[in-house]
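Asks: Quick one: structure below, then a few questions.
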Amino acid sequence: MLAVKTIDEVRRVVHPAKQGGKRVGLVPTMGALHEGHLSLVHAAKSECDVVVVSIFVNPIQFGPNEDFEKYPRPIEKDLELCRQAGVDVVFYPEVQEMYPRELLTTVRVSKMTQTLCGKSRPTHFEGVTTVVTKLFNVVGPDFAYFGQKDAQQALVLRRMTADLDVPVTIRICPTIREESGLAKSSRNQYLNDDQRVQATSLSRALKEAVSLIKSGKKETSELIGAMETIIKTAGPCRIDYISVNDLETLEEVSRVQKPVVIALAVNIGPARLIDNIMVDAEGNEIIMFGRNVV
Ligand code: AMP
């Protein structure tokens, strides 16, 4: 495995491979890798010849009072996990490498970035779409892998590549969970034992919403009410949102009549946790790519 910190080095390895007809897969991450990230690597390995993982805690996607400084950065452990997973190239640049000058150019997707997490994180997705565009330009992947865990991010990036004719196929892979149902996340490290138990209320709430839809309850207000009760009963928390949105446009819906994403963001202790599930109008789970292992 090659681990490099500069754009030049990545290009020197990847571009000849591409020219030789190899399929290149990119897995963008912020590090502190866990099974969720590794599932993306496995998906990439299943259909690509060269797998590149980027590890970069991207400052421009964090708001002023967010956790950029304290975000975990266990780089040696991450490199070892990548090595064990059979990654070919890890690109782990310093901030200066990615942003060597004042950034005057950004990529912004409208509408879809104003709902859900966009309401409380108004500059977040512009930071994401900009850095991912840069990574696409550095690596030139044929396929790029994102987790459904960050559903809005993945759908926004898919829309960006469609709108801008970026020659990459976006794969949205299933959320990997703990046995308790808690979605794996680098930010779970911020939770103590009690909070970790409390945090299982998020996936329980989503499951409850799905069974309500299956039993014919399609009114969003009723679904949200039931989810709110489960989450509030579990312990002290601050609910940022619980929402049911159209899977294509991410607009809020008042009834489940088409495929939707049921999404929530809840602050428990020091951690802002997000989770979601995608279902059709009958409540059948929608898997975008690969196999759901839950
Ligand atoms: P992050 O390092 O948190 O920016 O995540 C990098 C990529 O891994 C994103 O595409 C995430 O959606 C994905 N990811 C994070 N957690 C999970 C999970 N539990 N299951 C699947 N994918 C995940």
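The values are calculated or read from the model by the stated rules, or taken from the named source; none is laboratory data. Because the structure is predicted, anything quoted here is derived from the model rather than measured. FYI the Cβ positions are ideal-geometry reconstructions off the backbone, even for glycines, and counts take in every protein chain you see. To get the accessible areas, we keep the full protein, side chains included, count just its heavy atoms, and leave off ligands, DNA and RNA. Shrake-Rupley method; radii C 1.70, N 1.55, O 1.52, S 1.80 Å.
Asks: Could you please find all residues in the stretch 31-50 being in a loop (DSSP other than H, G, I, E, B) and of a type outside the set (D, E, K, R)?
Replies: Of everything in the stretch 31-50, those that are in a loop (DSSP other than H, G, I, E, B) and of a type outside the set (D, E, K, R) turn out to be Gly31, Ala32, Leu33, His34, Cys48.
Asks: Moving on. Do we have any residue at all in the stretch 26-45 that's over 23 Å from Val168 (Cβ atoms), open to solvent by 20 Å² or more (accessible area, probe 1.4 Å) and within 13 Å of the ligand (Cβ to nearest atom)?
Replies: Within the stretch 26-45, one or more residues are over 23 Å from Val168 (Cβ atoms), open to solvent by 20 Å² or more (accessible area, probe 1.4 Å) and within 13 Å of the ligand (Cβ to nearest atom).
Asks: Something else: Kindly indicate whether Ser203 is outside the structural domain of Val52 (by TED's automatic domain parsing), surrounded by 19 or more Cβ atoms within 10 Å (Cβ to Cβ), among the small types (Gly, Ala, Ser) and within 16 Å of the ligand (Cβ to nearest atom).
Replies: Judged against the criteria, Ser203 is a match.
Asks: Restricting to helices (runs of 4 or more DSSP H) lying wholly in the stretch 51-161: which have 3 or more residues that are open to solvent by 40 Å² or more (accessible area, probe 1.4 Å)?
Replies: Helices (runs of 4 or more DSSP H) meeting the threshold: 75-85, 95-98, 124-139.
Asks: Scan the stretch 181-200 for residues that are open to solvent by 30 Å² or more (accessible area, probe 1.4 Å), more than 13 Å from the ligand (Cβ to nearest atom) and not in a helix (DSSP H, G or I) and jot them down.
Replies: Asn192
Asks: Could you please find all residues in the stretch 134-155 being more than 8 Å from the ligand (Cβ to nearest atom), under 20 Å from Glu285 (Cβ atoms) and of a type in the set (S, T, N, Q)?
Replies: Gln152
Asks: Let me ask something else about it. Would you call Arg11 away from the ligand (no atom under 16 Å from the Cβ) and surrounded by 15 or more Cβ atoms within 10 Å (Cβ to Cβ)?
Replies: In short, yes.
Asks: Related question: Condition test on Ile172, is it touching a helix residue (DSSP H, G or I) at 6+ places or on another chain (Cβ under 6 Å) and more than 14 Å from Val261 (Cα to Cα)?
Replies: no
Asks: Touching a strand residue (DSSP E or B) at 6+ places or on another chain (Cβ under 8 Å) and of a type outside the set (Lys, Arg): which single residue out of Ile213, Ile230 fits that description?
Replies: On the way: Ile230 fails: touching a strand residue (DSSP E or B) at 6+ places or on another chain (Cβ under 8 Å).
Criteria check complete, one pass: Ile213.
Asks: Quick one: which of Arg121, Arg158 is over 29 Å from Ser46 (Cβ atoms), touching a residue at least 12 places away in the same chain (Cβ under 8 Å) and within 14 Å of the ligand (Cβ to nearest atom)?
Replies: None of the others qualify; the one that does is Arg121.
Asks: Moving to a separate point now. Which residues, counting only those in the stretch 274-284, are open to solvent by less than 10 Å² (accessible area, probe 1.4 Å) and in contact with a strand residue (DSSP E or B) (Cβ under 9 Å, 6 or more places away or on another chain)?
Replies: Result: Asp275, Asn276, Met278, Val279.
Asks: OK, next. Collect the residues in the stretch 6-32 that are in contact (Cβ under 8 Å) with a residue 60 or more places away in the chain and within 15 Å of Cys82 (Cα to Cα), keeping them in residue-number order.
Replies: Residues satisfying the conditions are Gly25, Leu26, Val27, Pro28, Met30, Gly31, Ala32.
Asks: Scan the stretch 59-70 and give yes if some residue there is more than 16 Å from the ligand (Cβ to nearest atom) and within 24 Å of Thr169 (Cβ to Cβ), otherwise no. Explain how you work it out, then say what you get.
Replies: Start the filter on the stretch 59-70 by keeping residues that are more than 16 Å from the ligand (Cβ to nearest atom), which leaves 64-65, 69.
Remaining after also requiring within 24 Å of Thr169 (Cβ to Cβ): none.
Checked against the condition, which is being more than 16 Å from the ligand (Cβ to nearest atom) and within 24 Å of Thr169 (Cβ to Cβ), the stretch 59-70 yields no hits at all.
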